[in-house]
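Trainee: Sharing a structure, written as C-alpha cells. Questions coming.
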C-alpha cells in the first residue's frame, strides 16, 4: 500500500497544490492521501475527481501526523529538495513493506527528516 501524507496544508494558500499532490499520487498508483489539516472541501474536490475518472483512491484530512509517524510500520519517504538522488535511494526501499510518502508545504519539522528512511 502506498500512502501520501501531506503536511503543512494551509487552507487559504495550498488548496491547488494539495489537490495536485493528491491527483498525481492517484495517477501514480497511490492508495490514499492523508492531509494534516482538516479540510472537508478539498476532500470533496479530490473524491469528485476520483469518482469521475475511476479508481479506489481514499482521502482523509485532519490526521495526527505524530501518531501516523509513530505507528507507521513500513518505509517512510520524505520528498525534499535536500534529499538523496532517487537512483541512490531506490534500492533502500523494502518493496514488501507499505510506503508512506511525505510531502510538505510550509517548514517541515525536524522529526520528519529523522523518521524518513
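Trainee: With respect to the numbered conditions (1) buried (at least 18 other Cβ atoms within 10 Å of the Cβ); (2) within 12 Å of the chain's Cα centre (by Cα), which one is the sole condition not fulfilled by residue 60?
Mentor: (1)
Trainee: Taking region 56-86 only, how many residues are over 14 Å from residue 112 (Cβ atoms), at pLDDT below 90 and part of a loop (DSSP other than H, G, I, E, B)?
Mentor: Counting residues in region 56-86 that are over 14 Å from residue 112 (Cβ atoms), at pLDDT below 90 and part of a loop (DSSP other than H, G, I, E, B) gives 3.
Trainee: For residue 6, state whether it is in a strand (DSSP E or B) and in contact with a helix residue (DSSP H, G or I) (Cβ under 7 Å, 6 or more places away or on another chain).
Mentor: Spelling it out, residue 6 is indeed in a strand (DSSP E or B) and in contact with a helix residue (DSSP H, G or I) (Cβ under 7 Å, 6 or more places away or on another chain).
Trainee: Also, I was wondering about something else. Considering only residues that are more than 16 Å from residue 114 (Cβ to Cβ) and either surrounded by 13 or more Cβ atoms within 10 Å (Cβ to Cβ) or in contact (Cβ under 8 Å) with a residue 24 or more places away in the chain (or both), which ones fall in region 93-102?
Mentor: Within region 93-102, the first condition is being more than 16 Å from residue 114 (Cβ to Cβ), and the residues that meet it are 93-99, 101.
Scanning region 93-102 gives 93, 97, 98, 99, 101.
Trainee: Now for a separate question. Confirm whether residue 79 is under 23 Å from residue 10 (Cβ atoms) and without any contact (Cβ under 8 Å) to a residue 40 or more places away in the chain.
Mentor: Numbers: under 23 Å from residue 10 (Cβ atoms): yes; without any contact (Cβ under 8 Å) to a residue 40 or more places away in the chain: yes.
Yes; evaluated as a whole, the condition is true for this residue.
Trainee: What number of residues within region 30-55 are assigned to a loop (DSSP other than H, G, I, E, B) and either within 16 Å of the chain's Cα centre (by Cα) or surrounded by 11 or more Cβ atoms within 10 Å (Cβ to Cβ) (or both)?
Mentor: So the count comes out to 7.
Trainee: Of all residues in region 95-116, how many are outside any strand (DSSP E or B) and either more than 18 Å from residue 29 (Cβ to Cβ) or out of contact with any strand residue (DSSP E or B) (no Cβ under 6 Å at 6 or more places or on another chain) (or both)?
Mentor: Pass one, region 95-116, residues outside any strand (DSSP E or B): 95-97, 105-116.
Filter once more, so that each one left must be either more than 18 Å from residue 29 (Cβ to Cβ) or out of contact with any strand residue (DSSP E or B) (no Cβ under 6 Å at 6 or more places or on another chain) (or both): 95-96, 105-116.
Qualifying residue count for the region: 14.
The values are calculated or read from the model by the stated rules, or taken from the named source; none is laboratory data. Predicted model, so just to flag it, every value in this text is computed and none were measured. Every residue, glycine as well, gets a Cβ built from its backbone with ideal geometry; the counts of neighbours run over all protein chains shown.
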